Amino acid sequence: MKGLLKIGLLLVSLVAFGLIPLSVTNAAENDAKGLFEKRCSICHATSRPLGKTKSAEEWRQTVIRMKGYAGGKISDEEAEIIIEYLSETRGK
């Protein structure tokens, strides 16, 4: 019984200090949103793309085009995360 209590206290502590997120999906979504906001605001307000609705392929074309304008400030991996984020939040 003491062993279970110790494990429970450990897990609660890890969650409380943010070392284990309560929701992995929310953490990943927040990371994607933050990345989108950080990278896309280099050139324009984030309200610009958030005001549009596009298919996943249209978002891919847009993000790849914008990546070219950003002069190397957006990696291929970051572009994929941004494409996925926009497709999920502003997709057709």
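Observations on the structure shown:
- A crude spin-label estimate for the pair T46 and D76, with each label 7 Å from Cα along the Cβ direction, gives 2.6 nm.
- Applying a DSSP loop filter and a limit of 16 other Cβ atoms within 10 Å to the trypsin sites (Lys or Arg not before Pro) in segment 37-87 leaves K52, K73.
- Each Lys and Arg Cβ is given +1 and each Asp and Glu Cβ -1; about its Cα centre, segment 23-90 then shows a dipole of about 420 debye.
FYI, it's all coordinate maths here, none of it is from the lab. Predicted model, so just to flag it, every value in this text is computed and none were measured. Note: ideal-geometry Cβ built from the backbone for every residue, glycine included; neighbour counts use all protein chains shown.
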